[in-house]
Amino acid sequence: MHFNLVRLWGDVPLITERINFDEKDKFRRVPVADVYTQIIADLQDAASSLPASWPTASKGRITKWAAKAMLAKVYLTLKNYAAAKTLIDEVIASGSAQLLPAYADVFSLTTEMSKEVIYAVGYKAASNGEGQEFTYEYSRNGAVKGFKPQSEILSFIVTADLRRPTTIGGTTSTPVCNKYIDATAPRRDAGNDLIIIRYSDILLMKSEINANLNSTAMANPAAMTTQDSLDILAPWNQVRARAGLAAKKKADYSGLTSFMDGLLRERFMELCFENHRWYDLLRTKTAAEIVSIMNVHHTLNGRPTYMMQQHQALMPVPQRDIDLSNGLMTQNPGY
């Protein structure tokens, strides 16, 4: 939760123990660097304390590989590529996860917590309101609220892409997300698990890490050695192979910037509707670049009055929380 908070709001309160409602000093915002120090310490502790696997009866409980995968993403966000590489390589070498042959099976209710899923929040349908509601929001009913495929995804994921039937359903005029369907569940009380990290994310992270670590190869990708190509392109191409798409080649890119643009597009297609895109932009783009990307998005989708400004790369602190803190919690600039 702190990892999500610090990426969305910057400085945030750092809560590591139970507090009373009147401990107002705990409402103060703590510098980003201090929050990340705690996040890293927590995940390191989890990775050293958790088992590598659980008995079948406890399937779905968090393992050390989930902690290491999350810590790798933290390091990647901080651009500590060497530390991220060590952890990613450990997760892959462990054999604890793998790509499923069929993309659709990742999201099937009959194959939840599969070998591809490293970390997920489990839900059970018809649980007296304790199930999840995002399935409904992605349905035809929920689509009117905007939780539906927009123009970029509709154009990026071509017909030949084997991910398309799982990602895009509905009609041409009313497309919907097909990843989360539980037709028998009560409204807002469904059983689809919320996947936080899966193996394809790990593979794409590995390509990103190795590209950023190898400045020599990325200065002239067309001249990559065979080993560089294996380190940088092979993990990405495993994801594309399952999607039925042609492998990316070293000659496709002119440098690190064009490579990262291509990889981000792949992450967009592979992980769409799984809560990664905004964090990917925050991690890899400047505020000005994010503004440009988001304003193109709004224009393409008929929302020209929604033009983003640079300060909106951070979320506004809710006024309710500022009021509860008696003004100790400050607002982000620009709001």
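Bear in mind that the values in this text are calculations on the coordinates, not laboratory data. Just so you know, these numbers come straight off a predicted model, no measurement behind them. Using ideal geometry, Cβ is built from the backbone for each residue, glycine included, and neighbour counts are taken over all protein chains shown.
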Task: Zone residues, region 318-335, relative to Met307, backbone N less than 20 Å from point 7 Å out along Cα-to-Cβ - done: 334-335
TODO: Describe numerically, in nm with one decimal, the distance between label points set 7 Å from Cα along Cα→Cβ at Arg187 and at Phe21.
DONE: 3.3 nm
Open item on the list: Once the cut-off is 18 Å, how many percent of the Cα-Cα pairs in region 128-208 end up in the long-distance tail?
Closed with: 51 percent
- [ ] With no solvent and one equal point scatterer placed on each C-alpha of region 160-284, evaluate the Debye formula and give log10 I(q)/I(0) for q = 0.10, 0.16, 0.20 Å⁻¹, two decimals.
- [x] -0.38, -0.84, -1.15
Task: Computed log₁₀ I(q)/I(0) - Debye formula, equal Cα scatterers, no solvent, region 1-156, q 0.17 Å⁻¹ - done: -1.28
Open item on the list: Over the Cα atoms of the chain, each weighted equally, I'd like the Debye log10 I(q)/I(0) at q = 0.14 Å⁻¹, rounded to two decimals.
Closed with: -1.40
Open item on the list: Taking the alpha-carbon distance from Lys124 and a cut-off under 18 Å, which lysines remain once sequence neighbours fewer than 8 residues away in the same chain are dropped?
Closed with: Lys59, Lys179
Task: In nm, spacing of pseudo-spin labels at Ser49 and Thr226 (7 Å Cα→C-beta vector) - done: 4.7 nm
TODO: Normalising by the residue count of the chain, find the relative contact order in percent from Cα pairs under 8 Å and 6+ residues apart.
DONE: 17 percent
Task: Helical mean residue ellipticity (222 nm; -39500 (n - 2.57) per DSSP H run of 4+; nearest 500) of the chain - done: -13000 deg cm²/dmol
Open item on the list: Over the Cα atoms of region 238-305, what radius of gyration and what Dmax do you get, in Å?
Closed with: 13.8, 40
Task: Residue pairs, from the table Lys68/Lys115; Lys68/Lys206; Lys73/Lys148; Lys115/Lys206, whose Cα atoms sit over 20 Å apart - done: Lys73/Lys148
Task: 20 Å Cα-Cα reach of Lys26 towards aspartates and glutamates, excluding residues that sit fewer than 8 places from it in its own chain - done: Asp11, Glu17, Asp34, Asp42, Asp321, Asp323
Open item on the list: Are there any trypsin sites (Lys or Arg not before Pro) in region 18-58 that are in a DSSP loop and have at most 10 other Cβ atoms within 10 Å? List them by number.
Closed with: Arg18
